[in-house]
Amino acid sequence: MLIMIAKNLPVMDLVRFKRLTERSRSTFANNLKLPKKPKSSSGGGNYWTRSVSGISKAFKNNDNSFIHEKIESVSSVYDSTKSETTRTMYKRNLEILHNYIDFDFRTWRPPIDLQYLDNPHITLIRCTNSS
């Protein structure tokens, strides 16, 4: 009997794999066989997500109003946050967003219409023989 197992594997992992030693490659391959452990929700995540998402949306739509909206949403969370570390994070995100309030995204856009793709993932299919 042939069993097909498909896992999403980022391209960056394939690049890293090529640089690994033989022993590390073996460990990497064996870890692909193991089920993925759920991520704990206590992690911090991407520090700049709020500012980057606002700038990205403004660029995609060629409309700086998305930056203004993001500034309002981050400001409201910043004002209500008590933790100094979190306040610093929001303050830095606000500083980034304020730098792009009057930015003309047309200077960076090509003259053709762009089609935006989701972040691609490569699905590798490993065949194993279960006899």
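The values are calculated or read from the model by the stated rules, or taken from the named source; none is laboratory data. The model shown is predicted, which means the values in this text are computed figures rather than measured ones. Note that we place each Cβ from the backbone using ideal geometry, even for glycine, and neighbour counts take in every protein chain shown.
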Picking from ILE122, ILE67, ILE112, the residue that is in contact with a Leu (Cβ under 8 Å, 6 or more places away or on another chain) and modelled with pLDDT under 90 would be ILE122
List pairs: first in the range 89-110 and closer than 11 Å to TYR78 by Cβ and in contact (Cβ under 8 Å) with a residue 12 or more places away in the chain, second of a type in the set (Phe, Trp, Tyr) and in a helix (DSSP H, G or I), Cβ under 7 Å, 6+ apart or cross-chain? TYR90/TYR78; LYS91/TYR78; LEU94/TYR78
Among the residues of the range 74-114, the number that are β-branched (Val, Ile, Thr), part of a helix (DSSP H, G or I) and surrounded by 12 or more Cβ atoms within 10 Å (Cβ to Cβ) is 5
GLY43 passes all but one of the listed conditions (1) surrounded by fewer than 12 Cβ atoms within 10 Å (Cβ to Cβ); (2) at pLDDT 85 or above; (3) not hydrophobic (A, V, I, L, M, F, W, C); the exception is number (2)
How many residues are surrounded by 11 or more Cβ atoms within 10 Å (Cβ to Cβ) and modelled with pLDDT of 80 or more when one looks only at the range 4-18? 3
Out of THR21, THR27, report the one residue that is at pLDDT 75 or above and exposed (fewer than 10 other Cβ atoms within 10 Å of the Cβ). THR21
Out of the residues in the range 54-73 that are part of a helix (DSSP H, G or I) and of a type in the set (S, T, N, Q), state the one that is farthest from ASP104 (Cα to Cα). SER73
Checked SER73, SER56 against criteria (without any contact (Cβ under 8 Å) to a residue 24 or more places away in the chain and either among the acidic types (Asp, Glu) or farther than 19 Å from LEU114 by Cβ (or both)); the one match is SER73
